[in-house]
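Report on the structure given below.
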Amino acid sequence: RENFTVIHECFHHILHAKCFRNKEANYQHFCEKKAFRTETGKKRPMSAIEIIEYQANYCAAAFLMPEEAIKKLFLEKMKITKIPDKPIKITLSVECIISEMAELFCVNYMPMKYRLQSLNLLSTQQLTIDEYFCI
């Protein structure tokens with residue numbers, strides 16, 4: 001968690017320096033709402049603070065969990081040879097793999113899960129209890 005938080009804050013410093021120069025800064029002025037609505041799959045427009053948090057989170061994830069390294073390790077852990085055509089459903093065994101990968105990249109479970117989902121390797125859909133344990 002500490003690694004992710006530190007890198008997240010570094011990206012705020014890099015990306016949003018104008019937003020945080022003083023307490024009265026109107027950070028909304030520096031954020032584009034339209035571009036992020038579609039990309040994040042949100043149903044409602046994001047507020048300015050949601051946008052800058054999303055940006056810092058995304059950059060921290062990409063920095064700490066590089067795409068090619070994540071894909072290579074995911075294939076290895078899943079014992080498959082190519083990227084699946086559609087995202088894999090999250091089951092108990094997949095959760096174990098997410099945890100192992102998180103440990104190897106020195107991040108928590110949730111950032112790893114979101115990174116795998118953002119790379120379209122894991123499904124964002126929730127399984128039923130029966131599906132979760134039986135797949």
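Observations
- Long-range neighbours under 6 Å by Cβ, at least six apart or interchain, first residue within 15 Å of Tyr54 (Cβ to Cβ) within the range 5-27, second among the polar types (S, T, N, Q) and modelled with pLDDT of 90 or more: Leu15/Gln55
- Test: residue in the range 49-69 that is open to solvent by 40 Å² or more (accessible area, probe 1.4 Å), assigned to a loop (DSSP other than H, G, I, E, B) and either touching a residue at least 12 places away in the same chain (Cβ under 8 Å) or of a type in the set (Phe, Trp, Tyr) (or both): no
The values are calculated or read from the model by the stated rules, or taken from the named source; none is laboratory data. Since the structure is predicted, the reported quantities are computational estimates derived from the model, not experimental observations. Cβ sites come from the backbone with ideal geometry, for glycine too, and all protein chains shown count toward neighbours. Quick note on the areas: whole protein, heavy atoms, side chains included, nothing else; ligands and nucleic acids left out. Shrake-Rupley method; radii C 1.70, N 1.55, O 1.52, S 1.80 Å.
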